[in-house]
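Engineer: To start, I am sharing the structure in question, which I have written as structure tokens.
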Amino acid sequence: MKGTGISYGAVSIVNGISTNIGIAMGNMLRVITELDFEYTGETVTYSLNNNIVVDNRVIDEALHWFIKKKRVKGIKADIKIYSEIPPSVGLKSSSAVAISILKALYSGAGDPVTDSIVAESSFINRMAMVSITGAYDDAAVSYYGGIVAANNRLNQLVSVQDIAEPYIIIIAVPSKKNEKSDIDKEGYIRNRDQFQKAIELFRQGKFFEAMELNGDIVGGLCNIDLKTIRNDLRNYGVNCVSISGTGPAIFLIKQQPSMLEKVILYISDISYHTIITQTRRLVYEHNR
């Protein structure tokens, strides 16, 4: 059986660690999984060909979840994963990989892909221990696109909305990765009221203000000062500068392509690798 699954990345609007409400905006960075697999009477075995580092725990848990759902004892798979999303920097790569693998498995088995894939991806990330919250919001935005707000504790969507007007997203990726064990969880809890303020800004439709407040809080917890970058880039037509996930990736949102080259040069000068993408529109309408 052969199947292909495609999923997409996202950036944070509001981090959900302290409030359980995570809000994210989809982008066009892809993860493509190609699978050639067969059921076996044994356990789970696979070979992997990938262009970036992929956490094998996510693959293991996805395959184990699938054979349990199909009520078979084992699976043997050849897996190819191509990802445009750098891992371990806050860009939702684990959720995108899980969604992509599940889509490929369902495709190969001839099964329909439904909204349940979001909860399945969240469960897989919890079991693989690659997410603090389970990242239901990240899985949902990887699947639906648009802008998603979700309760990660209850695995429930709060809102799903389209991004009618496209925006350019410039992602600044440092060489340093972010280990989950290094995250100051207590610091997020201490700043719960500030994250709640960011949620309120989002509810008022002030997306950029919500993003920047979120970025300032997260930046304070991982020693990244966004104020200088923000002030330097306002004259280049940058609408928003923030941090995705728990960092350390910084992202900028720009509506117009003018002076984009100057923005990229600035990011390069402060020793970040630059990725250019754009917002992703709502693709799957949530069955409310």
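The values are calculated or read from the model by the stated rules, or taken from the named source; none is laboratory data. Small disclaimer: the values here were computed from a predicted structure and weren't measured. As a convention, Cβ positions derive from the backbone with ideal geometry for all residues, glycine included, and neighbour counts pool all protein chains shown.
Engineer: Only one of these is closer than 26 Å to I67 by Cβ, surrounded by fewer than 20 Cβ atoms within 10 Å (Cβ to Cβ) and in contact (Cβ under 8 Å) with a residue 24 or more places away in the chain: A109, A135, A104. Name it. I'd like the intermediate steps shown before the answer.
Structural biologist: Numbers: A135 fails: surrounded by fewer than 20 Cβ atoms within 10 Å (Cβ to Cβ); A104 fails: surrounded by fewer than 20 Cβ atoms within 10 Å (Cβ to Cβ).
From the options A109, A135, A104, the qualifying one is A109.
Engineer: Quick check on this structure: which one of K68, K92, K80, K73 is within 22 Å of the chain's Cα centre (by Cα) and surrounded by fewer than 21 Cβ atoms within 10 Å (Cβ to Cβ)? Steps first, please.
Structural biologist: Working: K68 fails: within 22 Å of the chain's Cα centre (by Cα); K92 fails: surrounded by fewer than 21 Cβ atoms within 10 Å (Cβ to Cβ); K73 fails: within 22 Å of the chain's Cα centre (by Cα).
Result: K80 is the single residue among K68, K92, K80, K73 that is within 22 Å of the chain's Cα centre (by Cα) and surrounded by fewer than 21 Cβ atoms within 10 Å (Cβ to Cβ).
Engineer: Which one of N235, N214, N231, N223 is loosely packed, with under 15 Cβ neighbours inside 10 Å and either touching a strand residue (DSSP E or B) at 6+ places or on another chain (Cβ under 6 Å) or closer than 28 Å to E186 by Cα (or both)? Full working, then the answer.
Structural biologist: On the way: N235 fails: either touching a strand residue (DSSP E or B) at 6+ places or on another chain (Cβ under 6 Å) or closer than 28 Å to E186 by Cα (or both); N214 fails: loosely packed, with under 15 Cβ neighbours inside 10 Å; N231 fails: either touching a strand residue (DSSP E or B) at 6+ places or on another chain (Cβ under 6 Å) or closer than 28 Å to E186 by Cα (or both).
Selected residue: N223, the only one of N235, N214, N231, N223 that is loosely packed, with under 15 Cβ neighbours inside 10 Å and either touching a strand residue (DSSP E or B) at 6+ places or on another chain (Cβ under 6 Å) or closer than 28 Å to E186 by Cα (or both).
Engineer: Consider V58 carefully, then state whether it is part of a strand (DSSP E or B) and either free of Cβ contacts under 8 Å to residues at least 40 places away in the same chain or not aromatic (F, W, Y) (or both). Reasoning before the result, please.
Structural biologist: Numbers: part of a strand (DSSP E or B): no; either free of Cβ contacts under 8 Å to residues at least 40 places away in the same chain or not aromatic (F, W, Y) (or both): yes.
It is false that V58 is part of a strand (DSSP E or B) and either free of Cβ contacts under 8 Å to residues at least 40 places away in the same chain or not aromatic (F, W, Y) (or both).
Engineer: Return the residues of segment 144-190 that are within 14 Å of S18 (Cα to Cα), of a type in the set (K, R) and not in a helix (DSSP H, G or I); say none if nothing qualifies.
Structural biologist: R153
Engineer: Something else: Outside any loop (DSSP other than H, G, I, E, B) and under 30 Å from V263 (Cα atoms), is that true of L102?
Structural biologist: Details: outside any loop (DSSP other than H, G, I, E, B): yes; under 30 Å from V263 (Cα atoms): no.
Spelling it out, it is not the case that L102 is outside any loop (DSSP other than H, G, I, E, B) and under 30 Å from V263 (Cα atoms).
Engineer: Then there is this: Looking only at segment 118-132, filter to residues that are assigned to a helix (DSSP H, G or I) and surrounded by 23 or more Cβ atoms within 10 Å (Cβ to Cβ); which one of those is farthest from the chain's Cα centre (by Cα)? Explain how you work it out, then say what you get.
Structural biologist: Step one: filter segment 118-132 for residues assigned to a helix (DSSP H, G or I), giving 118-128.
Within this subset, residues satisfying the condition of being surrounded by 23 or more Cβ atoms within 10 Å (Cβ to Cβ) are 118, 121-122, 124-125.
Details: V118: 12, S121: 12, S122: 12, I124: 14, N125: 12 Å.
Within segment 118-132, the match that is farthest from the chain's Cα centre (by Cα) is I124.
Engineer: Which residue, of K68, K80, K76, is in a helix (DSSP H, G or I) and either of a type in the set (K, R) or in contact with a Lys or Arg (Cβ under 6 Å, 6 or more places away or on another chain) (or both)? Step through it out loud before you land on a result.
Structural biologist: Numbers: K80 fails: in a helix (DSSP H, G or I); K76 fails: in a helix (DSSP H, G or I).
Being in a helix (DSSP H, G or I) and either of a type in the set (K, R) or in contact with a Lys or Arg (Cβ under 6 Å, 6 or more places away or on another chain) (or both) holds for just one of K68, K80, K76, which is K68.
Engineer: In this structure, does N235 turn out to be modelled with pLDDT under 95 and more than 22 Å from P174 (Cβ to Cβ)? Working first, answer last.
Structural biologist: Numbers: modelled with pLDDT under 95: yes; more than 22 Å from P174 (Cβ to Cβ): yes.
Against the criterion (modelled with pLDDT under 95 and more than 22 Å from P174 (Cβ to Cβ)), N235 qualifies.
Engineer: When segment 1-45 is examined, which residues are found to be touching a strand residue (DSSP E or B) at 6+ places or on another chain (Cβ under 7 Å) and outside any strand (DSSP E or B)?
Structural biologist: So the first thing to find is which residues in segment 1-45 are touching a strand residue (DSSP E or B) at 6+ places or on another chain (Cβ under 7 Å), and the list is 1-16, 20-45.
Correct list: M1, N15, G16, N20, G41, E42, T43.
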